[in-house]
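Written below as structure tokens is the structure these notes are about.
Just so it is clear, none of the values below were taken in a lab; they were calculated from the coordinates. Here the structure is a predicted model, which means the values were calculated and not measured. Here Cβ is always computed from backbone atoms with ideal geometry, including for glycine, and neighbour counts include all displayed protein chains.
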Amino acid sequence: MSKRLHDYALLMRLNKRIGIYLLLWPTLWALWLASKGTPSWDLFAVFVAGTILMRSAGCVINDFADRKIDPHVERTKDRPIAAGRVSPREALALFAVLCLLALLIASHLNAAALWLSVPAVVLAASYPFAKRFHSLPQAHLGIAFSWGIPMAYAAVRGSVPWGEAAPLMAANLCWVVAYDTYYAMSDREDDLKIGVKSSAILFGRYDRLIVGLLHLAALVLLVIVGVQAQRGPAYGAGLVAAAGFAIREQWMTRTRERGPCFQAFLDNNRFGAAVFAGLALDLLLRPAGWL
């Protein structure tokens, strides 16, 4: 039983928390903006728990979808389903349990946010299959990873002010496509052999240029978000720090080698954290008259 639970944990990628952080940061941006820096602890706990559960569910259904591909990829051949330690039927059951738990937690939200949780499950379930049908599955992931934004606004305000939420979602979409392209660049050779699609293959030799433009677009949109929300210097400092991390990633991936590209993907945790730190600090200090 202990070994089986360990394999389930690996299937949920609980040993690799980067995906949780990348999904959590934009949700926290929205939660702090919607509440003007004072979200309730109950809402904070619900969104953190929901993020962990939905990211875990996404990993499970991803490995189920890739069960015939992963054994042929060096980086993924030892995953629980690929290695035969967890059956596809078990994976589907685990996915269903995780989604039900996420919906149970979401039931503590108001009606507007609860209804928005239904598309979140659909997006999580459909993303792993996107790379079989179109060349930009990273955009599908971007929409899925942005869905916590309108949910956070709805949970705090009772409805979604799309004039505020839409630019933040667009910024996050650009950011997700940027960092997931780095991830795809690290897998490009394997994906070409197997025949699956990705932004790294679609962008070709313009991959780093397009990633740079996507990071720039994300930052410009975050500036617009800040202007709309009347944020101040601490928020701006967070964006400057995030821009520094994006520039560093361009340098890291200059040779397009597998290892540095994957490290650049991981490095985006700092980008998201910098934006949140600047926002949270600005919301804390400015009302107190310290900025």
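Key figures for this structure:
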quantity: Label point at Leu92 placed 7 Å out along Cα→Cβ; residues across the stretch 37-78 whose backbone nitrogen lies under 16 Å; calculated: 60-68
quantity: Lys, Arg +1 and Asp, Glu -1 on Cβ, resulting dipole of the chain about Cα centre, debye, nearest 20; calculated: 340 debye
quantity: Gyration tensor (Cα) of the stretch 1-145, equivalent ellipsoid semi-axes in angstrom; calculated: 28, 17, 14
quantity: Largest to smallest principal axis extent of the C-alpha atoms in the chain, angstrom; calculated: 59, 45, 32
quantity: Mean Cβ neighbour count within 10 Å, used as a protection proxy, ranking 235-247, 99-111, 165-177 highest first; calculated: 165-177, 235-247, 99-111
quantity: Modelled FRET efficiency - R0 35 Å, Leu209 with Ala237, Cβ distances, 0.05 increments; calculated: 0.80
quantity: Lys pairs under 27 Å by Cα in the chain, provided they are eight or more residues apart or on distinct chains; calculated: 17
quantity: Stretch in the chain that is longest and holds no GluC sites (Glu not before Pro) that DSSP places in a loop and that have at most 13 other beta carbons within 10 Å; calculated: 75-256
quantity: Sum of -39500 (n - 2.57) over DSSP H runs of 4+, divided by residues of the chain (222 nm, nearest 500); calculated: -25000 deg cm²/dmol
quantity: Angle in degrees between helix 148-157 and the longest Cα principal axis of the chain, rounded to the nearest 10; calculated: 40 degrees
quantity: Globularity ratio of the stretch 226-291, using Cα Rg and 2.2 N^0.38 Å; calculated: 1.37
quantity: Neighbourhood charge, 14 Å Cβ-Cβ cut-off, centred on Ala277 and excluding it, Lys, Arg +1 and Asp, Glu -1; calculated: +1
quantity: Angle between the chain longest axis and helix 258-285 axis [Cα atoms, degrees, rounded to 10]; calculated: 20 degrees
quantity: Set of the stretch 19-45 residues, backbone N closer than 17 Å to the point 7 Å along the Cα-Cβ line of Gln230; calculated: 33-38
